[in-house]
Every structure is written in structure tokens, then in C-alpha cells.
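*Asks:* Input: one structure, supplied below.
Throughout, read-outs are computed from the coordinates displayed, never taken from laboratory work. Nothing here was measured: the structure is a model prediction, and the numbers come from that model. Neighbour counts are summed over all protein chains in view; Cβ atoms, including those assigned to glycine, are modelled from backbone coordinates with ideal geometry.
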Amino acid sequence: MSLKHIYLILTIVGAALPLSQFIPWLLANGLDIPLFFKQLLATPVSRFFAFDVVVSALVLFTFILVEGKRLNIQKYWVGIVATLCVGVSVGLPLFLYQRQAKLDSAAQN
């Protein structure tokens, strides 16, 4: 199995696992933003994960912007949108998939 396909599988897993928890919460609570942040930041452990994800997302955005432009990856911004809509667990492997596809294509030429 190629690295590109591994990234694609991880993108699917990265969407399925977080959404399996968020969709039921959303159905139960609606789009209650104050409640979302209250629960997200409720304990030191949850804050640890929240802050870790925020910093990771900022690093990922920087990586996507720099690497996407450097390699001239078409639609590199999709990884940023995926991160904002679902999370780093989707945005990172999705961009790595795009990047690997570009690298594979360049290696064949």
C-alpha cells in the first residue's frame, strides 16, 4: 500500500472518530456554542487537549500555506477548511495526501 493511500485512510479515520462523538452531542444540544466551550474547557485535562489542538492547528496552517505554495499544490487550502470544519485529524492527513500525490507525480515526470 502506498503512502498516499495510507494518508487517505487516515483522513477517513480522522473524520469518522471525532464526528462519531460530535454529531451525537450536536443532536442532543444543538449548536450551543457557550455549552460547547464550557464542556471543552471544563477540566485541566480537557483544556490540555484543547490547547494542544489549537496550537497544532496553527502549526498545520503554517505548514499547509508554506508547503502548498512551495510545491504548487492545487487547492492546498482544502486542508485548512477541513481542519476548521472537523479538526487536525482530518486536515493533516488530507494535506499530506495532497502533498504525497504531488511528490509522486513529480517523481514520475
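*Asks:* Return the sequence-ordered ³J(HN,Hα) values of the stretch 81-92 in whole Hz as given by the Karplus equation 6.51 cos²θ - 1.76 cosθ + 1.60 applied to θ = phi - 60°, using x for Gly and Pro.
*Replies:* Computed from phi, the couplings for the stretch 81-92 are 4, 4, 5, 5, 7, 10, x, 4, 5, 9, x, 5 Hz.
*Asks:* For the chain, rounded, prolate or oblate, judged on the Cα gyration tensor with a ≥ b ≥ c (square roots of eigenvalues), a/c < 1.5 rounded, else prolate if a/b > b/c?
*Replies:* prolate
*Asks:* Let me ask something else about it. Within 10 Å of each candidate Cβ there may be at most 15 other Cβ atoms; applying that plus a DSSP loop requirement, which chymotrypsin sites (Phe, Trp or Tyr not before Pro) in the stretch 43-82 survive?
*Replies:* Sparse-neighbourhood loop chymotrypsin sites (Phe, Trp or Tyr not before Pro): Trp77.
*Asks:* Keeping to pairs on different chains or 8 or more places apart, tell me how many lysine pairs in the stretch 3-108 have Cα atoms under 25 Å apart.
*Replies:* Lysine pairs, 8 or more places apart or on different chains, close enough: 5.
*Asks:* Do any trypsin sites (Lys or Arg not before Pro) in the stretch 40-87 lie in a DSSP loop with no more than 12 other beta carbon atoms within 10 Å, and if so, which?
*Replies:* Of the trypsin sites (Lys or Arg not before Pro), the ones in loops of the stretch 40-87 whose Cβ has at most 12 other Cβ atoms within 10 Å are Lys75.
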